[in-house]
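**Q** Structure provided below as structure tokens; questions to follow.
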Amino acid sequence: MAAQITPPPSSSSSLAFSSEFNVWKPMRCCFFKWVSQVCPRIRPTNHFRIKSSNGHPLNAVSMQGGMDGSPLAKGINPEEQEEFFIDILDKEEALSTLSITVVGASGDLAKKKIFPALFALYYEDCLPKNFIVFGYARTKLTDEELRNIISTTLTCRIDKRENCKDKMEQFLKRCFYHSGEYNSEENFAELDSKLKKKEAGKLSNRLFYLSIPPNIFVDVVRCASMKASSANGWTRVIVEKPFGRDSESSAELTRCLKKYLTEDQIFRIDHYLGKELVENLSVLRFSNLIFEPLWSRTYIRNVQFIFSEDFGTEGRGGYFDNYGIIRDIMQNHLLQILALFAMETPVSLDAEDIRNEKVKVLRSMKPLELEDVIIGQYKGHNKGGRAYPGYTDDSTVPKNSITPTFAAAALFINNARWDGVPFLMKAGKALHRKRAEIRVQFRHVPGNLYKRNFGTDLDKATNELVLRVQPDEAIYLKINNKVPGLGMRLDRSDLNLLYRARYPTEIPDAYERLLLDAIAGERRLFIRSDELDAAWSLFTPLLKELEAKKIAPELYPYGSRGPVGAHYLAAKYNVRWGDLGGEDD
């Protein structure tokens, strides 16, 4: 077995002596925990002294031990605390550096998402004082050419401060490039030499972001492990989906990665878990007394997870045709949100406690069966004098492809909280609008005194909680109330929290939050290997049956609401899709 990437140094003692720098300093695992417990009032000047998205001090996550009871944690005058802590933090930061390598730097994801997210973190002072960014790809580029490419995608969208241009120039000066093959240890050794030169002998922490196809994940990890890992700090690797095509390929990928990495070094990213409304899901449930008692089969009739895009593959069909909508959206994005929604109250907000509860949910679910799934594929359509192409009209898609661009499914959780409650998923491309949302439909009011005011359609009287993930983030609760007037006319209205109205500040991109957490070592929003295994076990039998039987998808027009079969599937469980009304329903 090849040597693993060197883990960060550790110690069980509260203090450790660093011979390399010849200074005494608290170990990270204890010091930052101590800061959070003893000195919560400190308001540091940058995010490296603030918190990860979990609310913990940066680098204080998933670490054990502490300084409770230590003499150092006692007897410090409040007036001296801030100056004392910040002085040590400044020394700690000055002696270390962060090196971020974006592997696949010439690709669209890197240019459109990763580099802009890194700049946004820098713009908001969320990166440490000493950091560098390296792009790595096969394309031959100079440092200056890389800077020119990524400069076109950087924006100061957070606010309109006058120093935006200066910040851009400062950020770009920290960006460098190295060209090399993904399977060449020699090229990664050259990258390592460049990194060491920039790190200038400081404690080196290295983060690799794999923005590359999954078939070369293992080659890159092997080369980085052997030739470009940190010798005296931590090394972490962010892996983009897809994590395999089924249970077997996913398990093989995990096995190969673990030849060179420990589980704690692997950060499997699902950017939907970094969305603001997904982050707020647990807060809404666990910090508001009115919701947690209702969060069960007793009051909830069904839960819907809806993802729709108003565009097709548009030249990217080559990638999509190899995976389809179930693998691309359902098995990861929607299932991860479902697990967060349905989990029991975790012991704490620590990453492992939350991920343990998510795994329990996934293991309590029965694998999907063909009778509980509808698949579809969009076809060409003329609308408003414009011709919209069908999926197989895409030049990158085989003409006889039966890959689904739409899927709807009914899932069930076999535990005491959710027994019998249908969890419906719906995801598709080329639909009537772009939308991602969670809809919780509550049960009808028993013996409703106002039943006659709603007629026979009791669904109109159903309370519904909606969390709109994108666009126009919002949380709203549909309630029934009386229309003002002399008569008794009821109306269904919304108690609405529209984010852009309540919180006028810009909402950070999901990649910003996830990159910050990876730097902090916060794993709460990343997927653990057993969680991945449990997710694939739900979908693999279905996917194999669909492919073995070559089941043709139901066609639906580009820009429509999807195949009719999805409505029959919902009706089978006495459910009506919640997104069938007006634009804001």
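The values are calculated or read from the model by the stated rules, or taken from the named source; none is laboratory data. If you're wondering where the values come from, they're calculated on a predicted model, not measured in any experiment. Methodologically, a virtual Cβ is constructed for each residue, glycine included, from the backbone with ideal geometry; neighbour enumeration extends over all protein chains shown. The accessibility values were calculated without ligands, DNA or RNA, using every heavy atom of the protein model including side chains. Shrake-Rupley method; radii C 1.70, N 1.55, O 1.52, S 1.80 Å.
**Q** Hey, residue 488 hits all of (1) touching a residue at least 40 places away in the same chain (Cβ under 8 Å); (2) open to solvent by 10 Å² or more (accessible area, probe 1.4 Å) but one; which does it fall short on?
**A** Going through (1) touching a residue at least 40 places away in the same chain (Cβ under 8 Å); (2) open to solvent by 10 Å² or more (accessible area, probe 1.4 Å) one by one, residue 488 breaks only (1).
**Q** Look at residue 403 and say whether it is within 26 Å of the chain's Cα centre (by Cα), open to solvent by 10 Å² or more (accessible area, probe 1.4 Å) and in contact (Cβ under 8 Å) with a residue 40 or more places away in the chain. Steps first, answer last, please.
**A** Numbers: within 26 Å of the chain's Cα centre (by Cα): yes; open to solvent by 10 Å² or more (accessible area, probe 1.4 Å): yes; in contact (Cβ under 8 Å) with a residue 40 or more places away in the chain: yes.
When the stated conditions are applied, residue 403 passes them.
**Q** Okay, moving on. Test residue 571 against the stated conditions and say whether it is farther than 25 Å from residue 242 by Cβ and of a type in the set (A, V, I, L, M). Please lay out each step first, then the result.
**A** Numbers: farther than 25 Å from residue 242 by Cβ: yes; of a type in the set (A, V, I, L, M): yes.
Considered against the rule, which asks whether it is farther than 25 Å from residue 242 by Cβ and of a type in the set (A, V, I, L, M), residue 571 comes out as yes.
**Q** Looking at (1) assigned to a strand (DSSP E or B); (2) more than 26 Å from residue 324 (Cα to Cα), can you tell me which one residue 518 breaks?
**A** Failed condition: (1).
**Q** Okay, moving on. Inspect all residues belonging to the range 306-319 and state whether any of them is buried (at least 22 other Cβ atoms within 10 Å of the Cβ), among the polar types (S, T, N, Q) and at pLDDT 90 or above.
**A** No, the range 306-319 contains no residue that is buried (at least 22 other Cβ atoms within 10 Å of the Cβ), among the polar types (S, T, N, Q) and at pLDDT 90 or above.
**Q** Please state which of the following conditions residue 177 fails to meet, knowing it meets all the rest: (1) surrounded by fewer than 18 Cβ atoms within 10 Å (Cβ to Cβ); (2) closer than 29 Å to residue 508 by Cα.
**A** So the condition that residue 177 fails would be (1).
**Q** Name, by its number, the condition in (1) modelled with pLDDT under 90; (2) over 25 Å from the mean Cα position of the chain (by Cα); (3) open to solvent by 50 Å² or more (accessible area, probe 1.4 Å) that does not hold for residue 501.
**A** (2)
**Q** Now a separate question. Among the residues of the range 379-396, how many are touching a residue at least 60 places away in the same chain (Cβ under 8 Å) and open to solvent by 10 Å² or more (accessible area, probe 1.4 Å)?
**A** Adding up the residues that qualify gives 9.
**Q** Identify, by number, the condition in (1) open to solvent by less than 30 Å² (accessible area, probe 1.4 Å); (2) more than 20 Å from the chain's Cα centre (by Cα); (3) not assigned by the TED database to the domain that holds residue 418 that residue 250 doesn't meet.
**A** Single failed check for residue 250: (2).
**Q** On the given criteria, is residue 283 within 17 Å of the chain's Cα centre (by Cα) and open to solvent by 10 Å² or more (accessible area, probe 1.4 Å)?
**A** yes
**Q** Let me ask something else. Out of all the residues in the range 473-512, which are among the aliphatic types (A, V, I, L, M) and assigned to a strand (DSSP E or B)?
**A** 474, 475, 477, 479, 490, 495, 497, 498
**Q** Which condition breaks for residue 430 when tested against (1) at pLDDT 95 or above; (2) open to solvent by less than 20 Å² (accessible area, probe 1.4 Å)?
**A** (1)
**Q** List every residue pair whose Cβ atoms sit under 8 Å apart, with the two residues 6 or more apart in sequence or on different chains, where the first one lies in the range 279-291 and is under 15 Å from residue 474 (Cβ atoms) and the second, anywhere, is aromatic (Phe, Trp, Tyr) and part of a loop (DSSP other than H, G, I, E, B).
**A** Between residues of the range 279-291 that are under 15 Å from residue 474 (Cβ atoms) and residues that are aromatic (Phe, Trp, Tyr) and part of a loop (DSSP other than H, G, I, E, B), the close pairs are 284/291.
**Q** Residues being within 28 Å of the chain's Cα centre (by Cα) and free of Cβ contacts under 8 Å to residues at least 40 places away in the same chain: count how many of those fall in the range 164-201.
**A** The total comes to 1.
**Q** Would you please list the contacts, defined by Cβ atoms under 9 Å and residues six or more apart or on different chains, that run from a residue in the range 539-560 that is closer than 14 Å to residue 388 by Cα to a residue that is open to solvent by 60 Å² or more (accessible area, probe 1.4 Å) and in a loop (DSSP other than H, G, I, E, B)?
**A** 556/564; 558/389; 559/310; 559/432; 560/432
**Q** Residue by residue through the range 559-570, note down the ones that are at negative phi, out of contact with any Asp or Glu (no Cβ under 8 Å at 6 or more places or on another chain) and open to solvent by less than 20 Å² (accessible area, probe 1.4 Å).
**A** 566, 570 - these are the residues of the range 559-570 that are at negative phi, out of contact with any Asp or Glu (no Cβ under 8 Å at 6 or more places or on another chain) and open to solvent by less than 20 Å² (accessible area, probe 1.4 Å).
**Q** Out of everything in the range 95-119 that is assigned to a strand (DSSP E or B) and hydroxyl-bearing (Ser, Thr, Tyr), what residue ends up being nearest to residue 177 (Cα to Cα)?
**A** By that ranking, first place goes to 101.
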